[in-house]
Amino acid sequence: QVQLVESGGGLVQPGGSLRLSCAASGITFSIYAAGWYRQAPGKQRELVATITTGGRTNYTGSVKGRFTISRDNAKNTVYLQMNSLKPEDTAVYYCNVNNIHRSVWGQGTQVIVSS
């Protein structure tokens, strides 16, 4: 059974940091691209960052220079390091892994940036 389990969300003050983790099971993680998406209340889900099987990364403009996506294939895990958090980063963050055969989503983890 394929499963993605996200963790690391929570409440943080503006300017703070969080690291999200997404642990995959039931798949050969190394052959999947991975990404983080987010959905704020009343808004559509949007791409935050992606990482290819080879480690090439891509970020949406609003998080460039603040967020870093990385992966550890030995631990079947993709990470999102989030620094200099802003209230507009508040959202449910979802992990995704995908290749030409399938796309799998996690259940989401809530991030709230507020003083």
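The values are calculated or read from the model by the stated rules, or taken from the named source; none is laboratory data. Everything quoted here is computed from the prediction, not taken from an experiment. No Cβ is skipped: glycine too gets one built from the backbone with ideal geometry, and neighbour counts run over all protein chains shown. Keep in mind that these areas ignore ligands, DNA and RNA; they rest on the heavy atoms of the full protein, side chains included. Shrake-Rupley method; radii C 1.70, N 1.55, O 1.52, S 1.80 Å.
For the reader, a short list of remarks on this structure follows.
- Of the residues making up the stretch 97-112, none is of a type in the set (Phe, Trp, Tyr), touching an Asp or Glu at 6+ places or on another chain (Cβ under 8 Å) and at pLDDT 95 or above.
- The residues in the stretch 82-104 that are surrounded by fewer than 15 Cβ atoms within 10 Å (Cβ to Cβ) and within 15 Å of the chain's Cα centre (by Cα) can be counted, and the count is 3.
- Answer residue from the stretch 11-51, given it is closer than 15 Å to residue 72 by Cβ, part of a loop (DSSP other than H, G, I, E, B) and hydroxyl-bearing (Ser, Thr, Tyr) and is least open to solvent (accessible area, probe 1.4 Å) among those: 32
- With a requirement of 3 or more residues that are without any contact (Cβ under 8 Å) to a residue 60 or more places away in the chain, the strands (runs of 3 or more DSSP E) lying completely within the stretch 58-104 that satisfy it span 67-72.
- Meets criteria (open to solvent by less than 50 Å² (accessible area, probe 1.4 Å), modelled with pLDDT of 95 or more and either at positive phi or in contact with a Lys or Arg (Cβ under 6 Å, 6 or more places away or on another chain) (or both)) for residue 55: yes
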